[in-house]
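**Student:** The following block contains the structure, expressed as structure tokens.
The values are calculated or read from the model by the stated rules, or taken from the named source; none is laboratory data. Please read these numbers as outputs of a predicted model, since none were measured by experiment. Note that each Cβ is placed from the backbone with ideal geometry, even for glycine, and that neighbours are counted across all protein chains shown. The protein model used for the area step is the full one, side chains on, heavy atoms only, and it has no ligands, DNA or RNA in it. Shrake-Rupley method; radii C 1.70, N 1.55, O 1.52, S 1.80 Å.
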Amino acid sequence: MDRVFNFAAGPSMLPLEVLKKAQTELLSYNNTGMSVMEMSHRSAAFEEIINKAEELIRELMGIPENYSVMFLQGGASTQFAMVPLNLYKNKKADYILTGAWADKAVKEAQKYGEARVLASSKDKNFSYIPKVKDFNQDSDYVHITMNNTIYGTRYTWIPQTGKIPLVADMSSNILSEQIDVSKFGLIYAGAQKNLAPSGITLVIARKDLIENCLDITPTMLQYKIHDENKSLYNTPPCFIIYILKLVLEWLKKEGGVKTMEEKNIKKASMLYNFLDNSKLFAGTAAKEDRSLMNIPFVLPNDDLNKKFIDTAKKQGFVELKGHRSVGGMRASIYNAMPVEGVKELVEIMKKFEKENS
Ligand SMILES: *Cc1c(COP(=O)(O)O)cnc(C)c1O
């Protein structure tokens, strides 16, 4: 069967080159006579893989020396608890509520302290990013969800929190655009959107922030333990870290994050330009806050939505069904989605519009 254009929000498309490389190395990695899946996480061969992955992340994102880079488990969802458990000092934090993931994050933080919703865009079904300028000075940190995977919104600016550390969930926008890491206290991202298959979570943390955690924090949820053990405190998902390394090598070869950002702007603009001029299709997110990665859009009624999703699927454009809280369609166009995928999607949307208006 031919490969399809996969618009899934996550797990999502991986670069074809990466899959092919993994295929050639599947039975014997680098003359070891074994697959990375069968390899000890304490072996020299794997140590080289994990070190290279960290080195590439540091290089691609320009991560300063005083930040730790960790590969953890439990998905981004585990970070909803790890962040307060490790960063609470006064046991107070501010959250900006921009969607379902932010909501889960704040609820988890409320279990261990006073997590406050400083601003919210719930009034308009999370279709925009609230502007916040004033932050509570007694906060241990401010938490944002930088790209809202479900609602298709993103911060195009970084909140100025002064001395208060800024924590960001970047699960769906990591490595898609240039980010000044030094503006953040902690960044986390589940791998399955823009980094690798599911199974690891990337955490980038300023080292001085992870020195102390709450006494109740389980060992496996302490950043300091993982930092000191270079993400090898227990057995990590070795194969996923290996695929991450291949994705990062691919990204570097493609020209790095700057080139990715340019390509992503090009892809998103093609789709937004069409949506803005269409008489049938319409985008759902506020123009100034639109995501480069997840683009939700709707047709005038559910019958047409369904008809479009079916028509697209028959032509090899899959996973376009929108999240139930927005409805309609959603095209997730992460780094691995080629420009042609979006170009051809716009073509079938044009054709659908002609045939159905
Ligand atoms: C997908 C996603 C999550 C949840 O990730 P898991 O790895 O499934 O826990 C959290 N936040 C954002 C922004 C996401 O897109």
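**Student:** Run through region 230-287 and list the trypsin sites (Lys or Arg not before Pro) located in a DSSP loop whose Cβ has at most 10 other Cβ atoms within 10 Å.
**Tutor:** Those that pass, being in a loop and sparsely packed, are LYS279.
**Student:** Between TYR88, LEU209, GLY75, whose Cα lies farthest towards the positive end of the dipole of the chain when Lys and Arg beta carbons carry +1 and Asp and Glu beta carbons carry -1, centred on the Cα centre?
**Tutor:** GLY75
**Student:** A follow-up question, please. So what does TRP101 come to for accessible area, using a 1.4 Å probe and Å² rounded to 10?
**Tutor:** We get 80 Å² for TRP101.
**Student:** Further question: Under the rule that an exposed site lies in a DSSP loop and has at most 15 other Cβ atoms within 10 Å, name the longest stretch of the chain with no GluC sites (Glu not before Pro) of that kind, not counting the sites themselves.
**Tutor:** Counting only loop sites that pass the neighbour cut-off, the longest clear stretch is 212-357.
**Student:** Please work out how much accessible surface SER28 shows to a 1.4 Å probe, ignoring ligands, DNA and RNA, in Å² rounded to 10.
**Tutor:** Surface open to solvent at SER28 totals about 50 Å².
**Student:** While we're on this one: Just to be sure I understand: of the beta bridges DSSP finds with both ends in the chain, what percent are antiparallel, rounded to 5?
**Tutor:** If we restrict to bridges inside the chain, about 55 percent are antiparallel.
**Student:** Go through LEU166, SER43, GLY322 and say which Cα lies farthest out towards the positive end of the charge dipole of the chain; charges sit on Cβ, +1 for Lys and Arg, -1 for Asp and Glu.
**Tutor:** GLY322
**Student:** Give me the distance in nm between label points sitting 7 Å out from Cα along the Cα-to-Cβ direction at LYS163 and VAL117, one decimal.
**Tutor:** Each label point lies 7 Å from its Cα, and together they span 3.0 nm.
**Student:** Using the beta-carbon distance between THR259 and ASP310 and R0 = 30 Å, what value does 1/(1 + (r/R0)^6) give for FRET efficiency, to the nearest 0.05?
**Tutor:** With R0 = 30 Å, the Cβ-Cβ based efficiency is 0.30.
**Student:** Which helices of the chain meet both criteria: a Cα extent of 30 Å or more along the helical axis and a mean Kyte-Doolittle score no lower than -1.0, with helices taken as whole DSSP H segments?
**Tutor:** Working: long enough: 256-277 (32 Å, -0.69).
Qualifying helices, which must be both long enough and hydrophobic enough, are 256-277.
**Student:** Step through the table entries LYS258/LYS287; LYS52/LYS122; LYS306/LYS343; LYS124/LYS253, compare each Cα-Cα distance with 31 Å, and write down the pairs that go over it.
**Tutor:** Over 31 Å apart, Cα to Cα: LYS52/LYS122; LYS124/LYS253.
**Student:** Can you tell me which aspartates and glutamates have their Cα less than 14 Å from the Cα of LYS263? Leave out same-chain residues fewer than eight positions away.
**Tutor:** Here the aspartates and glutamates satisfying the reach criterion relative to LYS263 are GLU177, GLU254, GLU340.
**Student:** Probe radius 1.4 Å, ligands and nucleic acids ignored: give me the carbon and sulfur share of the accessible area of region 91-231 as a rounded percent.
**Tutor:** That fraction is 48 percent.
**Student:** With a/c under 1.5 counting as rounded, go ahead and sort region 36-146 into rounded, prolate or oblate using the C-alpha gyration tensor (a ≥ b ≥ c being the square roots of the eigenvalues; past the cut-off, prolate if a/b is larger than b/c, else oblate).
**Tutor:** Taking the square roots of the gyration eigenvalues as a ≥ b ≥ c, region 36-146 is prolate.
**Student:** To continue, here is another question. Nearest 5 percent is fine: what portion of the DSSP beta bridges confined to region 142-219 is antiparallel?
**Tutor:** Within region 142-219, antiparallel bridges account for around 50 percent of the total.
**Student:** Starting from the amide H of SER172, placed 1.01 Å from N in the peptide plane, find each other amide H under 5 Å away whose residue is 5 or more places distant or on another chain.
**Tutor:** Long-range HN contacts for SER172: ASN147.
**Student:** Taking amide H positions as placed 1.01 Å from N in the peptide plane, with prolines and chain starts having none, which residues 5 or more places from SER120, or on another chain, fall under 5 Å of its amide H?
**Tutor:** For SER120, whose amide H was placed from the backbone, the distant partners under 5 Å are LEU97.
**Student:** Now for a separate question. Cα-Cα over 31 Å: which of LYS131/LYS266; LYS252/LYS350; LYS131/LYS207?
**Tutor:** In this structure, LYS252/LYS350 lie more than 31 Å apart at Cα.
**Student:** Report relative contact order for the chain in percent, whole number only (criteria: Cα-Cα under 8 Å, sequence separation at least 6).
**Tutor:** 23 percent
**Student:** Relative contact order of region 258-348, please, whole-number percent, based on alpha carbon pairs below 8 angstrom and at least 6 residues apart.
**Tutor:** 32 percent
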